[in-house]
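Report on one structure; see the data block that follows.
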Amino acid sequence: MLTPPKYLNPFTDFGFKKLFGSEANKDLLIDFLNEVIREQGTITNIHYLKSEQLGAGIVNRRAIFDIYCENERGEKFIVEMQKVKQNYFKDRSIFYSTFPIQEQGIQGEWNFSLKAVYLIEVLDFVFDEDKDDLSYYHHEIKLRDTKKHQVFYDKLTFIYLEMPKFDKTEDELETRFDKWMYVLKNLPILEKRPLKLQEKVFESLFKTAEIAQFTSVERTYYEDSLKIYRDLKNSMDTAEEEGLKKGIVKGKIEIAKKMLTKNFPVDVIMECTGLSAEEINSLQ
């Protein structure tokens, strides 16, 4: 009989927000962000912001971020966990980045000075265009002058972490960034905290991630979130293997139906499946 996992899966909605989305665990998010954007300056504190962002008008679309926060300098950070590929995923990233830009606008006299915006995507898939380059898994994108090959604007940064490409073993871990990548990818299959991860921040992470310490309510939420993750992954993996677009759509619909029976909000189902509100409502 298989032993149940000791630690949560960070690629579930509940797991990701349990680790990074609460005031009690913001030390984990601060340390993670400092490693991901190391060359941009050290973050000493963060303040969580409202994750639901409304468009400028009543007919505009809205966005719901996994985690949205700002540091002590007022710089904005959107941190997202993305489980499966979506059509126009990069377009979605650009769209999301516009919300923290627009909200900085001030009524009256304003010189258009903006605080930096970072969008960080932790991906459980790889980009098709560089899927064969297994060593390139940390993408950092800025606006760039194509002729001079220099950064044209340094206050807008997109970071994508292709987790499936990261294959270092514990013995190969060299940097703090390596350790974060390793623990996020391998946490559900670990039985104890590795010797290479003895820093205080990882001690805190493993305590937070231990399923046995969850309350009964947390355990229920986690098990529901884990089932949705597994169903979604199985449906997408099967559809990809078959290479049928029809199969992908069918898989999304089946996941949406299951989420509806669990009374998940339509916005959450949209984020997980890529289906529109109209498509989801037609399933009820």
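For segment 122-136, the residues whose amide N sits under 16 Å from a probe point set 7 Å from the Cα of Q86 along the beta carbon direction are 122-127. When semi-axes √(5λ) of the Cα gyration tensor in Å is calculated for this entry, the matching label among (i) 44, 24, 15; (ii) 29, 26, 20; (iii) 33, 21, 16 is (ii). Rounded to the nearest 5, the antiparallel percentage of DSSP beta bridges internal to the chain is 55%. Listed by chain and number, the lysines placed with their C-alpha closer than 22 angstrom to that of K147 are K155; residues fewer than eight positions away on the same chain are left out.
Derived scalar couplings between HN and Hα for segment 250-262 equal 4, x, 4, 5, 5, 5, 4, 4, 5, 5, 5, 5, 8 Hz in order, rounded to whole Hz, by the Karplus curve 6.51 cos²θ - 1.76 cosθ + 1.60 (θ = phi - 60°), x for Gly and Pro. Placing R0 at 45 angstrom, the Cβ-Cβ distance between N281 and R219 gives a FRET efficiency of 0.90 after rounding to 0.05.
Phi angles across segment 163-175 convert, under the Karplus curve 6.51 cos²θ - 1.76 cosθ + 1.60 with θ = phi - 60°, into 3J(HN,Hα) values of 4, x, 7, 6, 10, 5, 7, 4, 5, 8, 6, 10, 10 Hz, Gly and Pro given as x. For the chain, averaging the sequence separation of C-alpha pairs within contact (under 8 Å, six or more residues apart) and dividing by the residue count gives a relative contact order of 19 percent.
Along segment 34-43 the Karplus relation, 6.51 cos²θ - 1.76 cosθ + 1.60 evaluated at θ = phi - 60°, assigns HN-Hα couplings of 4, 7, 6, 10, 3, 7, 9, x, 7, 8 Hz to successive residues, with x for each Gly and Pro.
For I67, the residues 5 or more places off, or on other chains, whose built amide H falls under 5 Å of its own are V79.
Coordinate-derived values only; no laboratory data. Predicted, not measured: the structure shown is a model, and the values here were computed from it. Cβ coordinates were reconstructed from backbone atoms using ideal geometry, including for glycine residues, and neighbour counts include every protein chain displayed.
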